[in-house]
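What follows is calculated from the coordinates using simple rules that are stated; it is not laboratory data. Keep in mind that this is a model prediction, so the values were computed, not measured. Every residue, glycine as well, gets a Cβ built from its backbone with ideal geometry; the counts of neighbours run over all protein chains shown.
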Amino acid sequence: MKGTKTLEPKARAYHRSVCNICRSEYTSNYVEAAPGLIIHVCKNCLELTKHHFMWICLNCGRVYSIPKTLIMQRINNLELKKACLLSMDMQVIQGIDACIECDPEGTWEYTGMWSPIAQA
Ligand SMILES: [Zn+2]
Ligand SMILES: [Zn+2]
């Protein structure tokens with residue numbers, strides 16, 4: 001993992017679009033993963049982030065979710081573990097520089113845990 005950044009969910013008053021994660025709910029809640037890369041996240045999916053880490057690839061827009069408990073068991077990188085612990089009880093969505101699809105050669109701490117749930 002090259003880097004992560006925390007994305008803050010925002011709401012737009014007049015702009016509703018289908019949730020990029022479940023693709024069934026319409027919502028005005030979104031995160032701006034990168035300038036111009038808007039990912040809509042409905043409240044059900046945001047609720048999911050209590051128990052799952054939600055990662056959006058800033059490169060391709062794929063969304064990944066991984067159970068927090070699984071991460072804590074498998075991570076060896078202390079820095080990363082600390083960062084994960086900090087967001088344990090928070091509903092956060094994180095942006096990553098590249099996902100396993102975009103950068104298969106990358107050193108993936110999480111190999112085997114990645115499960116793409118949607119594509120933007
Ligand atoms: Zn949703
Ligand atoms: Zn990607």
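Numbers below:
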{"item": "Every residue from the range 22-43 that is over 14 Å from the mean Cα position of the chain (by Cα) and either without any contact (Cβ under 8 Å) to a residue 24 or more places away in the chain or within 16 Å of ligand 2 (Cβ to nearest atom) (or both)", "result": "Ser24, Glu25, Tyr26, Thr27, Ser28, Asn29, Pro35, Gly36, Lys43"}
{"item": "Conditions (1) near ligand 1 (Cβ under 8 Å from one of its atoms); (2) over 27 Å from Leu80 (Cα atoms); (3) not basic (Lys, Arg); number of the one not met by Val18", "result": "(1)"}
{"item": "In the range 44-56, the residues that are more than 14 Å from ligand 1 (Cβ to nearest atom) and either touching a residue at least 60 places away in the same chain (Cβ under 8 Å) or part of a strand (DSSP E or B) (or both)", "result": "Phe53, Trp55"}
{"item": "Qualifying residue in the range 33-43 (condition: part of a loop (DSSP other than H, G, I, E, B), on the phi < 0 side of the Ramachandran plot and either surrounded by fewer than 17 Cβ atoms within 10 Å (Cβ to Cβ) or out of contact with any Cys (no Cβ under 9 Å at 6 or more places or on another chain) (or both))", "result": "yes"}
